[in-house]
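What follows is a set of notes on a single structure, which appears directly below.
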Amino acid sequence: MKKIWLIGAVALCGVVTYKALAPARELSPSSHSFFPNAQSSVPAVHALDDGLALTPPMGWYPWNIFGEEPQNEKLIREIVDALVSSGLKDAGYAFVGPDEGICFYRQADGRLTTNLERYPSGLRGLGDYIHKTGLKYALYTDAGTRTCSTAMPGTKDHEFEDMRQFAEWRADYIKIDWCNTEGQDIVKTYTTLHEAQHAAGRPVVHSLCSWGEGYPWRWAAAVGHLWRTTADICGPGQADWARAMRMAWANEELAAFAGPGHWNDPDMMIVGMPGMSETQDRSFFSLWCMMAAPLIAGNDLRSMSEATIKTLTNAEAIGINQDPLGIQGKIVWGDGTISLWAGKPLFDGSQAVLVFNQGRHPAQKRVAWSEIGVDATAACYVRNVWTHETSGPLIGGVTVSVAPDDVAMFRVSTKNDFPLPPIIVADSYLVSLRTADKAPQKLAGAITITNKGSAELPLWKVGEGLPAWLSVTVKKNGKSQAFINAISTAGLKKGLYHAVVRADNTEPVSGKSMSALYYDVDLEVTRDVSGESR
Ligand code: GLA
């Protein structure tokens with residue numbers, strides 16, 4: 001389904017709650033619904049409608065390393081800059097923002113307001129900074145009366161106006177915690193929050209955070225895109241390897257519940273945190289990739305070692321995580337020390353395989369093709385995703401040696417070719433144009449979308465229903481495509497105009513839908529313009 005989403009759905013969504021609220025500064029004078037089916041029932045996997053998170057979300061959240069206290073706008077901006085300069089953005093990490101960063105409070109009139117002492121540009125200003133960098137904006141709240149630290153208000157009884165406020169701040173991802181929810185029905189609460197996001201009108205990745213409480217894997221695909229399956233992976237500042245492994249094992253059991261747009265989330269990553277060795281970092285990252293877990297880094301990106309960067313940006317491992325089929329791998333054999341993870345066919349017909357050694361001694365493991373869903377008689381190539389070496393053709397299986405705490409992670413294929421799936425990187429997700437002329441003008445602003453995977457993608461298809469002042473054309477240049485946003489100001493009244501553009505694409509090898517691409521277009525018209533609007 002191709003759509004264009006236009007901000008400002010107060011009347012059309014029929015959400016009475018919003019009528020009492022003053023329109024936000026950035027809203028277009030001409031408001032439209034951008035959820036055409038806002039009243040319809042919730043589909044079983046709603047991401048298949050909004051097209052969001054069809055591969056596991058990738059990004060960074062502050063909680064694991066910082067907790068709430070050191071957070072402020074300066075820190076988040078430094079992290080945003082580090083995401084870019086370290087190469088993490090180019091590797092596919094996109095969602096970034098404060099977790100529980102003491103970033104807003106509730107005013108006497110009930111509205112959420114930025115804590116300007118910590119975030120002087122306002123939460124909208126921070127969002128614009130993130131979008132201009134070609135990243136996506138992640139915010140955090142709680143389903144109860146207060147957040148977990150109690151430093152921020154929760155959404156209870158304010159669901160609709162709070163989700164509206166998050167949309168005005170232009171959040172693309174909202175993590176919603178489950179603290180201070182005594183007496184609340186978990187399914188009803190998260191369903192209301194989903195409906196509130198829908199009514200607020202901005203497509204948003206909904207990350208449920210009940211730590212497995214209420215068995216969200218049984219029902220949350222209808223109302224969210226990912227759900228925490230386990231308790232917190234560590235306390236702020238210090239990784240806990242043994243605890244993380246318990247999380248991985250608990251999450252592994254839920255493999256059947258994950259798929260495109262609905263993921264099991266065993267919590268943010270601890271790669272690169274104090275308490276982790278280089279080997280443990282590699283193994284942790286491999287497990288998260290194999291489990292199709294969200295790859296949300298939790299370390300301090302401003303002071304990473306080269307080894308940490310290499311681990312977090314390993315395109316071959318990320319390719320397994322971001323595979324368009326979206327299958328969560330599982331343990332197919334284990335003896336308490338060595339585990340063999342498989343059951344993860346990839347888009348090109350290859351199989352992802354992981355051998356993990358939790359023992360104290362180096363070990364060898366023979367992996368038979370028959371154990372990993374490959375024809376026992378097939379001659380296969382084996383691509384090691386950490387050494388970047390290919391061996392084969394091999395018949396029947398492969399024997400791997402694995403050091404303590406370490407992994408062997410590889411792809412097995414009948415072809416000596418291991419393509420990477422699409423990894424989408426944008427130079428910006430925000431086009432801002434301003435006009436001061438009273439004669440009609442034509443303006444244009446472009447953004448560039450690049451696939452860091454192996455294939456040239458088909459042309460992105462822009463949704464229908466653009467506002468009269470905007471038209472979008474897409475031009476292809478190899479693996480990059482330019483979205484040219486042409487604006488015609490004829491007949492526009494003074495005011496602020498805003499559209500969210502959606503574009504869709506298909507992964508050419510598997511034919512699977514890719515995550516929909518959304519970006520914002522802002523137009524400021526500083527005086528009434530003559531002429532007929534087209
Ligand atoms: C909970 C969540 C964490 C983090 C903190 C913030 O514990 O599980 O991921 O968001 O709250 O207080």
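Summary table
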| read-out | value |
| --- | --- |
| Filter pass, THR181 being more than 16 Å from GLY261 (Cβ to Cβ) and outside any loop (DSSP other than H, G, I, E, B) | no |
| THR141 vs. criteria under 21 Å from VAL205 (Cα atoms), of a type in the set (S, T, N, Q), open to solvent by less than 10 Å² (accessible area, probe 1.4 Å) and not in a strand (DSSP E or B) | no |
| Leading residue by the ranking (most open to solvent (accessible area, probe 1.4 Å)) among those in region 264-304 that are of a type in the set (Gly, Ala, Ser) and at negative phi | SER303 |
| In region 86-109, residue nearest to the chain's Cα centre (by Cα) [restricted to those that are more than 16 Å from the ligand (Cβ to nearest atom) and loosely packed, with under 15 Cβ neighbours inside 10 Å] | GLY87 |
| Flag for ALA256 being open to solvent by 10 Å² or more (accessible area, probe 1.4 Å), among the small types (Gly, Ala, Ser), more than 15 Å from the ligand (Cβ to nearest atom) and farther than 21 Å from GLY336 by Cα | yes |
| Enumeration of residues in region 369-390 that are assigned to a strand (DSSP E or B) and surrounded by 14 or more Cβ atoms within 10 Å (Cβ to Cβ) | CYS380, TYR381, VAL382, ARG383, ASN384, THR390 |
| Residue pairs meeting the criteria (Cβ under 6 Å; at least 6 apart or on separate chains; first within 17 Å of LEU52 (Cβ to Cβ), in region 207-220; second more than 11 Å from the ligand (Cβ to nearest atom) and part of a helix (DSSP H, G or I)) | LEU208/TYR190; LEU208/PRO216; LEU208/ALA220 |
| For GLU68: the one exception among (1) open to solvent by less than 10 Å² (accessible area, probe 1.4 Å); (2) within 15 Å of the ligand (Cβ to nearest atom) | (1) |
| Residue that is farthest from the chain's Cα centre (by Cα) [pool: residues in region 209-246 that are surrounded by fewer than 23 Cβ atoms within 10 Å (Cβ to Cβ) and assigned to a helix (DSSP H, G or I)] | ALA242 |
| THR230 vs. criteria within 12 Å of the ligand (Cβ to nearest atom) and either over 30 Å from SER277 (Cβ atoms) or not β-branched (Val, Ile, Thr) (or both) | no |
| Long-range neighbours under 6 Å by Cβ, at least six apart or interchain, first residue closer than 16 Å to LEU295 by Cβ within region 249-264, second part of a strand (DSSP E or B) | ASN251/ASN264; ALA258/ASN264; TRP263/LEU226 |
| Filtered residues of region 462-487 (kept if within 14 Å of SER432 (Cα to Cα) and among the small types (Gly, Ala, Ser)) | ALA486 |
| Residues being over 20 Å from VAL402 (Cα atoms) and either part of a helix (DSSP H, G or I) or open to solvent by 30 Å² or more (accessible area, probe 1.4 Å) (or both) - total across region 321-348 | 4 |
| Some residue of region 37-51 being modelled with pLDDT of 50 or more, part of a loop (DSSP other than H, G, I, E, B) and among the aliphatic types (A, V, I, L, M) | yes |
| Filter result for the condition that a residue is outside any strand (DSSP E or B), acidic (Asp, Glu) and open to solvent by less than 10 Å² (accessible area, probe 1.4 Å), over ASP128, ASP157, ASP162 | ASP162 |
| Test: residue in region 191-206 that is open to solvent by 10 Å² or more (accessible area, probe 1.4 Å), touching a Ser or Thr at 6+ places or on another chain (Cβ under 9 Å) and within 16 Å of the ligand (Cβ to nearest atom) | no |
| Per-region count, region 349-368, residues within 20 Å of ARG383 (Cβ to Cβ) and either exposed (fewer than 15 other Cβ atoms within 10 Å of the Cβ) or touching a residue at least 60 places away in the same chain (Cβ under 8 Å) (or both) | 9 |
| Matching option when the condition is free of Cβ contacts under 8 Å to residues at least 12 places away in the same chain, within 22 Å of VAL204 (Cα to Cα) and of a type outside the set (Asp, Glu), among THR113, THR147, THR133 | THR113 |
| Among the candidates LYS461, LYS479, LYS475, LYS452, residue that is open to solvent by 70 Å² or more (accessible area, probe 1.4 Å), within 25 Å of the chain's Cα centre (by Cα), farther than 18 Å from VAL529 by Cβ and without any contact (Cβ under 8 Å) to a residue 40 or more places away in the chain | LYS479 |
| Filter pass, GLY59 being open to solvent by 20 Å² or more (accessible area, probe 1.4 Å), away from the ligand (no atom under 13 Å from the Cβ), out of contact with any Gly (no Cβ under 7 Å at 6 or more places or on another chain) and under 30 Å from LYS344 (Cβ atoms) | no |
| Condition met for ALA307 (of a type in the set (A, V, I, L, M), open to solvent by 10 Å² or more (accessible area, probe 1.4 Å) and part of a helix (DSSP H, G or I)) | yes |
| Which listed residue, of LEU116, LEU27, LEU83, is modelled with pLDDT of 95 or more and either in contact with a His (Cβ under 6 Å, 6 or more places away or on another chain) or open to solvent by less than 60 Å² (accessible area, probe 1.4 Å) (or both) | LEU83 |
| Restricting region 168-190 to residues that are within 15 Å of the ligand (Cβ to nearest atom) and of a type outside the set (A, V, I, L, M, F, W, C), the residue that is nearest to MET58 (Cα to Cα) | TYR173 |
| All positions within region 482-523 that are among the hydroxyl-bearing types (Ser, Thr, Tyr), part of a loop (DSSP other than H, G, I, E, B) and surrounded by fewer than 18 Cβ atoms within 10 Å (Cβ to Cβ) | SER510 |
| Residues of region 71-84 satisfying the condition of being assigned to a loop (DSSP other than H, G, I, E, B) and away from the ligand (no atom under 11 Å from the Cβ) | ASN72 |
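The values are calculated or read from the model by the stated rules, or taken from the named source; none is laboratory data. These numbers come from a predicted model, not from an experiment. All Cβ positions, even for glycine, are placed from backbone atoms using ideal geometry, and neighbour counts span all protein chains on display. All accessible areas refer to the heavy atoms of the entire protein, side chains included, with ligands and DNA or RNA removed. Shrake-Rupley method; radii C 1.70, N 1.55, O 1.52, S 1.80 Å.
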